[in-house]
1. With all pairs of different alpha carbon atoms counted, what Kirkwood hydrodynamic radius in Å does the stretch B:2-117 show?
2. Run through the DSSP bridge list for the protein assembly as shown and note the antiparallel percent, rounded to the nearest 5.
3. Largest first, please: the extent of the C-alpha atoms of the protein assembly as shown along each principal axis, to the nearest Å.
4. What does the extension gain come out to for residue A:133 and residue A:5, with contour length at 0.36 nm per residue minus their alpha carbon separation?
5. Arranged by the count of other C-beta atoms within 10 angstrom, fewest first, what order do B:48, A:109, A:191 take?
6. So how much slack lies between residue B:266 and residue B:113, counting 0.36 nm per residue of separation and subtracting their Cα-Cα distance, in nm?
7. Would you mind getting the Kirkwood hydrodynamic radius of the stretch B:148-210 from its Cα pairs, rounded to one decimal in Å?
8. Can you say what percent of the DSSP beta bridges in chain A, counting only those with both residues inside, are antiparallel? Round to 5.
């Protein structure tokens, strides 16, 4: 896996990008945070500068990230994950080198059933049964992929990690777009409810809200990192207080 | 935890203070701290603006915005027809620059209220505020300073006398102003007269010192955390607030007009060491706390380093001086607050005498009869 390595601080941040993105998706954050932190931003298989070699599951992606941590000799790291990166982050959460998670519009929760989705699936099944052309079915994300990545994609989106949440011991910060349609806020509420040490912040904007609020998001990450790395007495730990909301 | 961010005031640097406060309020951890902005009024009083972390709040005709508040001991209260308690303040984060906010007056007020604060104490603040006092204190500590003479408003003759002995160019500064306000260079008698006029506009006392013709300004900050004092890498600022006038910058051409700064400054090892050592010395000898920025002047011709002044509450709280040590603004604010709380929590020795009882028991002179002579 290709990995961007910027900044030379003692403390490390690991940025996991979303589906269809690359290490460059986090460039605005990395450029600001690299003054005091060492920032690692890998490209996942089939994204950016890393080619896809075989069909991967979420766990394989996580293994790739683990290898990077080994290679770079990182002892303590905070993971900043967006969307699909959130799945990998949830898979990685068992690793003891990971001291905290910042999940921005993360995926991985089982989506709610909806009438729209039911009919879309019905249409696909009917077409398949009637041996019609099914190439125009599927999400735009899916249609844009190579055949190999298509299989990976199917594997990934059918992995639901709701069960992992209760086992997460690290402090977690959720940053969510209020108008997010890909991973709606109910997923954040579910995570907030089930993760032991979790804070949630809702920002205005959609699935890429962190790009609209680069300065604020950086401050949240910095504050979170201070709490995690230096163990502030009144750090982010504990469950007191409701959601912080930025209009 | 409730944090009062105090800023504003009546000084010339009020606007800089507002900027520092807005920046700092944005950096504070919203989960850990509840921020109470306290804007010191232009003519006294305290105010709490509604959208304090938005700079647009302060742009407009009216300088003092928000509702009037006051401190009742540690409690911040809203005044008006009915008093309302807002919060018990755990720590005050001071973002005031110049004037009563930096000269120890505000620090003394907070000490009386029993609120821990994140700047050096009354004594150190007062010393560093006055450029003449601070010069003599720094010199007494064995730190290089440029010799200066004190000139009061009515005693202009002293300045001209000093000029005859010292020769030109000379630097004229008001004794108690920050941010290079009212500072001017004088190359002859006519200019000296003008420079003194300007300086006396701002303060009744001015100082006249030898001006360095070819120099570099170097900044270095210290912050106390736990038992140790961290010293930052020296920085060479290149910015508009230099006490160079516009013509100076223009004449020097591209060299000075380059935006930004050099950090860490590219300095020879002996000078670098001297700067860090003297900053540490002054900081620890004056028993300061919080971030203090020391401004040094490096004479390019001779290589001598002079301590120019100490800023007990630097702009942006000096958070740009720590990035190479892995400390960002958020961490710095946390450190300052933690330190302020730790120092105020350190037990003060309790001393009780029985003089009142003795006096109350009807003795004619308690002090003579009480234990020992007081």
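No value in this document is a laboratory result; all are computed from the given coordinates. This is a predicted model, so every value here is computed, not measured. Here the Cβ is made from the backbone with ideal geometry for all residues, glycine too, and neighbour counts use every protein chain on show.
1. The Cα-based Kirkwood calculation yields 14.1 Å.
2. 55
3. Rounded to whole Å, the extents work out to 106, 76, 49 Å.
4. 41.6 nm
5. Fewest-to-most ranking of B:48, A:109, A:191: B:48, A:109, A:191.
6. So the extension gain works out to 50.6 nm.
7. Every distinct Cα pair counted, the radius reaches 11.0 Å.
8. Around 15 percent of the beta bridges assigned by DSSP in chain A are antiparallel ones.
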